[in-house]
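The values are calculated or read from the model by the stated rules, or taken from the named source; none is laboratory data. Here the structure is a predicted model, which is why all the values come from computation and not from measurement. Cβ atoms come from the backbone with ideal geometry, glycine included; neighbour counts cover every protein chain shown.
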C-alpha cells in the first residue's frame, strides 16, 4: 500500500512504459485510412478551436499556437533532416577512404582532409602526402610492387565485407523495415495505408547508421532513396509531438509529403527539385498548402546541411559543376541518342531487377539474406578494385565525369595532347586530340559501364538500405562521357565535314564532354524512375546553369517515351506491384467497360452480404457475426426484408463499443437488442436494456448504383480516397465494393494475377 | 479500472514511446539534433589556422612544371599575387602566368568532423554491444522462462499467443517497479521486431 502511494507520483511519468490501449478512431496495422473521416475530424477540431478562441486571451494564444504548429514541425524536420544528411555525408567520406588507408595524424580524417594542410602535394599527384598511408605501407612498409598491391586489394575486400556484414546484421536484429529503398512503401503509406513501425524511431536510427556502412562498402547503390525514408521518419517523429498531427492520419500525411521533399533536397542540394519530386513521385494528395510548407522544409534542410559544410566548400552535393560553355543545335542528335540509351537501359533494368526480386521472394534464395549480401559485396569488391573508375566511390566517379577538362585537371580522362605554346586562359581551352591516357580511360570506362549495369540489378532490393539514383546516374554519366569524347574527337579530326563546319572552327572550344555526361545521367535516371519535371529541375539545380535545360529536357523526354513504349511502370510502381501493396495509382487509366455489378461482392454463388439490421439484432448475434467473418465493416439496413440502407459501421468500432458497453453500462447482456435509431424500439416489458450504438454509425456512406461504370467508380475511389463503396439498386442494398476489389479487378483486366494483391 | 481522460490522452499521445530502447534511440536522436544545431555557431566561431586556406593551382608553363600553392590567407587576399611565393617567373611574365592559375578559397571545420565521426562510432559501438547483449547474454538471463523458449519451436500463432500470454502475465498484476515495467516494454519491442522480421525476412510479404 505504502509503495503504491509512493509510486503514484512517479507513476504518471512511467505510464508510457505500459502497453497502450487502442483508441477509438485509430487504425489497425496494414489497413487503409478513411480520408473523408480524417478530413471532417480535422475540420471539427479547427472549428472548435476557432470558436473557443473568442472566449479569452489564453484561448486566442492557443489558437495561434495551433496555427503555427505546422510551421514549427516543418522547421524541426528541416533541421533534423539536414543534420542527419550532414552526418551521413561526413561519415561516408571518412569510411570510404578507410578501405584504402588511414590518416596517421588523426584517424578521423578522410584522405582529402588529411592532406589538406600538407605541402607535399604536387601537380601530378595531388593525393600524395606523408600523413596518409595506405594499408600496405602501414602493415608491411611497402608502397609499390606486387605484394603491396595484393595486400591493398585484400584489405579493401575485407573492409567492404566487414561494413556490409555489420549493416545487414544491424538491420536484421534491430529494424527489419530499414532495408530497401523505402520509396515504394512511402508512396503506399502516403496513399492512405498504415504500416506501423515503418517510420519509427528504431527504423530511423538503423537506417541512418547502416546507410553509411553500405555506401562505404563500395556496393553499387546510392543514398538518395533511403534519405527520403530517413526524412519521412523525422517527419513522423516530430508530428507525433503535436496532437494536431499525431491524432489525425490525414494531416500527418501532409507533413510526410513535406518531409519527403526535404529528404530529396538534402540528397541533391535541390530544394525546388525536392518539392517537385514529392509532388510527382511520392505524394498522393498534394494540396497547395503542402506546396509552400514543403518548400520551407526543403529550404531549412538545405540551409542546415550547408552550415555543416560536409564537403568543405559550401557546396551541398559532391558533383556540383559550374561551367557555362554553350551547346549547339547539332549536338541535339547525340543527346537524343543518349535519351534512347537511357530509356532502353531503364527498361532492361526494371525487367531484370523485378525478375531477380521475384526469384528472391519465391525461391530458396530468399532464405539466406545475410549470405546474399556478403556474396554480392565480395563480388563487387573483387571486380571493382582493379579498375580505378570503379574503385573510387560512385559519387566521386560522377563528379569526375561531369567535370570539364581545363588546364588544371591532371586526371587520366583529361590527358589531351596540349599545344606547348598555348597561353589561353583556363576555361577556354580549344578541342584537342586525345592522348594515350584518354584512350586508356575509354576502355576502362567501357568495362566499368558493363560492370555497373550488371551488378546494380543484383544489388537493388537486397536486405540493406539501397537507393538507385546514384548508380543510374553513374551508368548514364559513363555512357554520356564516352559519347562526348567520341563527338569531340570526331569534331577535331574531321572539322571539315558539313555538320561540324558551321559551328566548330579549329581552335574553338566546341564540344564539352562533361555536358554529355550530365545529359546521359539525366536520361538514365529518367528511364528508370520515369520522372519528368522533377528530374530536369534537379539536374539543373545540380549544375547551376539554366542554359542546359533544353538538352536535359530533350534527353528526359526521349528516354521516357522510349521506356514507356516497353512498359508503363517505373521502378517504384513495379516494386509496389511485386509486393502487392494496395496502391491505387493516379497515373493508371482505367479504360474497360465493366460495370459496378461485375466487381461488387457478393458475386453469384457466394454467401449473401453480412448486414446488421437497425433494431432487430441482439448483442450476441452481432458478436457471432463479428467472430465468424473478418470484414472490416458492415452495412446497416432497415430490416432483412426491405434492405434499405441506413449507414455503415466499422468492425473495430463495433468491437470496442460492445466491449465498453458490457463493462460499464447497466444491464447489457447477450440478449440485449442493439439499435442504431434515435429512439429505442418497442420492446416487451421484461426484456433487457437495449444498447444504442448510433454514435458509431456512419450515416453518409458512399453509394453507387449497380449500373455505374467502373471507370467512374475507380475515379471516385481515387479522388476521394474511399475504402469501400456500397452498391444499391432502386434504393435497396445489393453489395459492396472495397478498394481491394477494385485493385484486383484492375489487375485482372491487365492480365496480372489478382491474388497477388495481399494484406487481406 | 476506468482510466482517467488525462491518462488516456497521455497514452494516445505517447503511445509511440512504448519501449526503453526507443527512449535510448530518442535520446541519441535528440543528442544528434542538439549537436547539429550547436555545430552551426561553432563552425562559424572556430576558425583555427588549420581550417582555412587559399589553394592556387598553376599548370605547366613553358619550362616550369605545374605546382600547387597553399597558404593561410583571408578571402580577400586569395589571389595569385599573394599566394604564389616564390614567383617562378620574372616580373613581366607574372601577369601571363597568373592568368593561367586558378585560386580557390576553402574552409572546413575540423571540430565538426571530429565530433561527428566520434559520435557516429560511439553509436555504432553501442548498437553492437546491445546486439551482442541481446543475442548472447539475454537468453542466459531468461533461463527461468524456459517454457517460452520451448514454445518458440511451435507454429507461429501459438508462439504469438504464448508470448502475448507471457507479456500479459508480466503486466497483469500492474507491475509496480520500474524494472518490471522496463522489462515489459522491452518484451513488447522484441515482439514487434520479431513480427517485422517475420514479415520481411521469412514471409517476404513486404520489401521483397
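Yes/no per residue for (1) part of a helix (DSSP H, G or I); (2) without any contact (Cβ under 8 Å) to a residue 12 or more places away in the chain; (3) farther than 20 Å from residue A:451 by Cβ; (4) touching a helix residue (DSSP H, G or I) at 6+ places or on another chain (Cβ under 7 Å):
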position	(1), (2), (3), (4)
A:473	yes, no, no, yes
A:476	yes, no, no, yes
A:480	yes, no, no, yes
A:492	yes, no, yes, no
A:518	yes, no, yes, yes
A:522	yes, no, yes, yes
Residues within the stretch A:563-579 that are surrounded by 21 or more Cβ atoms within 10 Å (Cβ to Cβ) and under 15 Å from residue A:531 (Cα atoms), tallied: 5
Mind checking which helices (runs of 4 or more DSSP H) fall wholly inside the stretch A:137-225 and carry at least 3 residues that are more than 13 Å from every other protein chain (Cβ to nearest Cβ) and touching a helix residue (DSSP H, G or I) at 6+ places or on another chain (Cβ under 8 Å)? A:146-174
Going through the stretch A:746-760 one residue at a time, which ones are in a helix (DSSP H, G or I) and more than 27 Å from the chain's Cα centre (by Cα)? A:748, A:749
With the checklist (1) modelled with pLDDT under 85; (2) in contact with a helix residue (DSSP H, G or I) (Cβ under 7 Å, 6 or more places away or on another chain); (3) within 21 Å of residue A:108 (Cβ to Cβ) in hand, flag the one item residue B:87 doesn't pass. (3)
Residues that are more than 7 Å from every other protein chain (Cβ to nearest Cβ) and not in a strand (DSSP E or B), drawn from the stretch B:102-115: B:110, B:111, B:115
Taking the stretch A:453-485 and keeping only residues that are under 19 Å from residue A:381 (Cβ atoms) and more than 22 Å from the chain's Cα centre (by Cα), one is left with A:454
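For the stretch A:587-610, state whether one or more residues are free of Cβ contacts under 8 Å to residues at least 60 places away in the same chain and within 30 Å of residue A:190 (Cβ to Cβ).
yes
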Could you tell me whether any residue of the stretch A:320-334 is surrounded by 19 or more Cβ atoms within 10 Å (Cβ to Cβ), touching a helix residue (DSSP H, G or I) at 6+ places or on another chain (Cβ under 7 Å) and under 25 Å from residue A:181 (Cβ atoms)? no
Would you say residue A:194 is touching a strand residue (DSSP E or B) at 6+ places or on another chain (Cβ under 8 Å) and either under 30 Å from residue B:68 (Cα atoms) or not assigned by the TED database to the domain that holds residue A:717 (or both)? yes
When you go through (1) facing chain A (nearest Cβ under 8 Å); (2) at pLDDT below 85; (3) surrounded by fewer than 13 Cβ atoms within 10 Å (Cβ to Cβ) one by one for residue B:67, which number turns out not to apply? (3)
Taking the criterion of being in a helix (DSSP H, G or I), facing chain A (nearest Cβ under 9 Å) and surrounded by 15 or more Cβ atoms within 10 Å (Cβ to Cβ), would at least one residue in the stretch B:94-101 satisfy it? yes
Among (1) assigned by the TED database to the domain that holds residue A:658; (2) outside any strand (DSSP E or B), where does residue A:704 come up short? (2)
In the stretch B:194-208, which residues are surrounded by 18 or more Cβ atoms within 10 Å (Cβ to Cβ) and more than 7 Å from chain A (Cβ to nearest Cβ)? B:199
Identify the residue in the stretch A:87-113 that is facing chain B (nearest Cβ under 7 Å) and assigned to a helix (DSSP H, G or I) and, among all such residues, is nearest to residue A:305 (Cα to Cα). A:87
Verdict on residue A:301 being surrounded by 24 or more Cβ atoms within 10 Å (Cβ to Cβ), closer than 30 Å to residue B:117 by Cβ and either within 14 Å of chain B (Cβ to nearest Cβ) or at pLDDT below 95 (or both): yes
Filter the stretch A:710-745 down to the residues that are exposed (fewer than 14 other Cβ atoms within 10 Å of the Cβ) and over 21 Å from residue A:633 (Cα atoms), then identify the one that is nearest to the chain's Cα centre (by Cα). A:719
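A quick yes/no check of all residues on (1) surrounded by fewer than 18 Cβ atoms within 10 Å (Cβ to Cβ); (2) at pLDDT 90 or above; (3) part of a loop (DSSP other than H, G, I, E, B):
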site	(1), (2), (3)
A:581	no, yes, yes
A:624	yes, yes, no
A:627	yes, yes, no
A:636	no, yes, no
